[in-house]
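The values are calculated or read from the model by the stated rules, or taken from the named source; none is laboratory data. Note that the structure is a prediction, hence the values are computed from the model and not measured. Because the Cβ atoms are built from the backbone with ideal geometry, glycine has one as well, and the counts that use them run over all protein chains shown. These accessible areas exclude ligands, DNA and RNA; they are computed on the full protein's heavy atoms, side chains included. Shrake-Rupley method; radii C 1.70, N 1.55, O 1.52, S 1.80 Å.
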Amino acid sequence: WIFENGPDFLKSKNLVHIWEKDVLRSRQAVIDGNGKILFELGDLMTEDPPHKRASNWNLTYLVVHERKMGENLPEGLMDSTGRLVLPLEFFDLSVWEKDRFLTAKTAAGKLVLMTIDGKKIHEFEPGKSSIMMQSTGKSPNSPLVVWTENETLLIDAKNQLIRRFELPFGREKLSEKMAERYVVLIKNNQKVWADFRSGKVFFE
């Protein structure tokens, strides 16, 4: 048995590798805190660490692909019961914000932002960068900024799109009061302030 993160992080569930006797081949399983196998991944496998510090080391979702070697294998999403939530049809699939969002690249090469159940929130314009996220303020209800090098989205606490701007985010946190109305963007290395209630933008 090989524990991915070791016993220090074993809360209630953990991912283990099971090595077949006298063969350099393994399969993966999820076990409970007593070492009982809850389910095996079978023909699937994951390369992601099973726990994230933000989720208090609690196993929730696994990004999986077919159990074979190779690059750019289609990925899907499995929950902590072994159920395949999303089919194996995405690339660069990532879980964000304590299991709130998914980002992925489709077979057509488009970047998408989705809810954890696979509902598409937005499809981004083609670009070179990956998708990034950051809260605009300190309040739990502050809008979440999601951006690439081409555009910036503001998402509310109910995962609804507030507004879209055709400029990248400035990666700057504002005071809680300012963050309720403004977001800082960047154009040609210059800060651009945007009032996301009205949609108006103005240079600093």
### Task
Can you give me the number of residues within region 117-148 that are exposed (fewer than 15 other Cβ atoms within 10 Å of the Cβ) and either in a loop (DSSP other than H, G, I, E, B) or among the hydrophobic types (A, V, I, L, M, F, W, C) (or both)?
12
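With without any contact (Cβ under 8 Å) to a residue 60 or more places away in the chain, assigned to a strand (DSSP E or B) and either on the phi < 0 side of the Ramachandran plot or charged (D, E, K, R) (or both) as the only criterion, which of 102, 167 stands out?
102
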### Query
Which one of 59, 73 is closer than 28 Å to residue 104 by Cα, modelled with pLDDT of 90 or more, among the aliphatic types (A, V, I, L, M) and not in a strand (DSSP E or B)?
73
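Each row is one residue, and each column tells you yes or no for (1) modelled with pLDDT of 95 or more; (2) touching a Ser or Thr at 6+ places or on another chain (Cβ under 8 Å); (3) under 26 Å from residue 110 (Cα atoms); (4) not polar (S, T, N, Q).
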position	(1), (2), (3), (4)
134	no, no, yes, no
143	no, yes, yes, yes
160	no, no, yes, no
165	yes, yes, yes, yes
170	no, no, yes, yes
180	no, yes, no, yes
198	no, no, no, no
201	no, no, no, yes
### Query
Among all residue pairs at least 6 apart or on different chains, which show Cβ distances below 8 Å where the first residue, located in region 142-164, is on the phi > 0 side of the Ramachandran plot and the second is part of a strand (DSSP E or B) and surrounded by 15 or more Cβ atoms within 10 Å (Cβ to Cβ)?
159/101; 159/121
#### Entry: Any hit, region 91-102, residues being within 21 Å of residue 182 (Cα to Cα), under 14 Å from the mean Cα position of the chain (by Cα) and open to solvent by less than 40 Å² (accessible area, probe 1.4 Å)
no
